[in-house]
Amino acid sequence: MSSSTPFSIRQLGVGDVALMEAMMTMFGAAFEEAEIYTAARPSPGYLQRLLGSQYFIALAAMKGGAVVGGLAAYDLQKFERERSEIYIYDLAVAAEHRRQGIATALIEQLKAEALARGAYVVFVQADRGDGPAVALYTKLGIREDVAHFDIKIR
């Protein structure tokens, strides 16, 4: 499959467990964290429930039946107003398919889904050292510098 082959974006649903698993494998390779994305994979039933939920959005970039990019996001319902915001949790494109507009197309598709859901914003975090991600998100949105804290529960 050539890197110049056209791609399509597909929103995954309950029947797309195999594509979700392929997307997780691609995330593991793209982030160089295969263990995190493949070692303790959720059961098919769990993935079906997740893909069928109202709060999870999975978009896969497809070329010739293969997942070459993906986006996983959460629809966060707000309490202060009847609205939601969409958080991009993971976004990646396989190394050999980068620089073809796939990541931008995934975000554009997510924006359309966010609009259809009545969300008021899409937001994402990027590590300071991840130049390509920072450049992409700077091109598409307004940068806010914030501190992120992981609070351990055990």
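Values in this text are rule-based calculations from the coordinates and carry no lab data. In this text, all values refer to a predicted model and were calculated from it rather than measured experimentally. For neighbour counting, all protein chains shown are included, and Cβ atoms are generated from backbone atoms with ideal geometry for every residue, glycine included.
Here is how the numbers come out for the structure above:
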item	result
Gyration tensor (Cα) of segment 1-72, equivalent ellipsoid semi-axes in angstrom	20, 16, 9
Qualifying trypsin sites (Lys or Arg not before Pro) in segment 15-112, DSSP loop, other Cβ atoms within 10 Å at most 11	Lys78, Arg81, Arg99
Derived scalar couplings ³J(HN,Hα) [segment 35-40; Karplus, 6.51 cos²θ - 1.76 cosθ + 1.60; whole Hz; x for Gly, Pro]	4, 5, 8, 10, 5, 10
